[in-house]
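The values are calculated or read from the model by the stated rules, or taken from the named source; none is laboratory data. Values in this document were obtained by computation on a predicted structure and should not be read as measured data. With ideal geometry, Cβ positions are generated from the backbone for all residues, glycine too; neighbour counts draw on all protein chains shown.
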């Protein structure tokens, strides 16, 4: 076998395998409008909950991805109010599920704070997705467009924690944020009504991602998604320290010429020990994004080949 064939075989071994996918609009109709900028997803109890960064509502679809499923639909008025004013024009970046209390947390990327600066906000909901409250995360961000993109809940040592994934490398914007090798997840411990910054998880320096869009943890394994790189990193997270191993990068499927066709993957959640669900944002305008339109505003179920749990 030639070196080229060996390389091709190795690449195939680390490519996610598509099981099933569907346009979100085909599953829920026009209840949420025609623009569905899907940004986060959580699998729970046989259904997928989806958030969009242009909508205040949550979307629920059956894990079967069937348009006839009775649970498919749009959950209205999830944003609640702040200072007596509706926040209906704002959406979310990601979603996390507190398994112990059956609560949910939705993430707003960044918002200005006084006297200056930016911080991400988390919105909490009960098991029936009724607003419980919201609070800012205790971590300063570079600007409103380079904030937190991913969110996950973890219980450790009897305490609730939220893991918030920075969009840019080294939690920075601009060229520094696009330079691979500086993936960061900020750890927050719940203290009363506050989420207090307690640690930083450094992703492997070898990780070639230009940006980061979502994070999910299940049974000691962690998955981190990159939109720009169209790939998923899967590793293990320590049960005692806020550390991860080197893990493995799995690219999303490509076309016959080896080009990206999943150009807008934004949210990820574990479904089982060897399956993940991913949701895709709306493709940008222009000819350069044309080949991404078939997969945009969609939900995808993937198998991780060779995954041993």
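Looking at region 192-209, is at least one residue surrounded by fewer than 23 Cβ atoms within 10 Å (Cβ to Cβ) and within 17 Å of the chain's Cα centre (by Cα)?
Yes: one or more hits.
Yes or no: region 293-303 includes at least one residue that is crowded, with 19+ Cβ neighbours inside 10 Å and over 27 Å from residue 45 (Cα atoms). If you could, list the steps in order and put the result at the bottom.
So in region 293-303, the residues crowded, with 19+ Cβ neighbours inside 10 Å come out as 295-302.
Among the residues that remain, those that are also over 27 Å from residue 45 (Cα atoms) are: none.
No - not one qualifying residue is present in region 293-303.
With respect to residue 146, determine if the residue is in contact with a helix residue (DSSP H, G or I) (Cβ under 8 Å, 6 or more places away or on another chain), buried (at least 19 other Cβ atoms within 10 Å of the Cβ), at pLDDT 95 or above and under 23 Å from residue 117 (Cα atoms). Spell out how you get there, then give the answer.
Working: in contact with a helix residue (DSSP H, G or I) (Cβ under 8 Å, 6 or more places away or on another chain): yes; buried (at least 19 other Cβ atoms within 10 Å of the Cβ): yes; at pLDDT 95 or above: no; under 23 Å from residue 117 (Cα atoms): yes.
Judged against the criteria, residue 146 is not a match.
Taking residue 103 and the conditions (1) buried (at least 19 other Cβ atoms within 10 Å of the Cβ); (2) within 22 Å of residue 223 (Cβ to Cβ), which numbered condition does it fall short on, given that it satisfies the others?
(1)
Matching residues to (1) more than 17 Å from the chain's Cα centre (by Cα); (2) more than 18 Å from residue 34 (Cα to Cα); (3) in contact (Cβ under 8 Å) with a residue 12 or more places away in the chain; (4) not in a loop (DSSP other than H, G, I, E, B):
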| site | (1), (2), (3), (4) |
| --- | --- |
| 262 | no, yes, yes, no |
| 269 | no, yes, yes, yes |
| 276 | no, yes, yes, yes |
| 279 | no, no, yes, yes |
| 283 | no, no, yes, no |
| 292 | yes, no, yes, yes |
| 300 | no, yes, yes, yes |
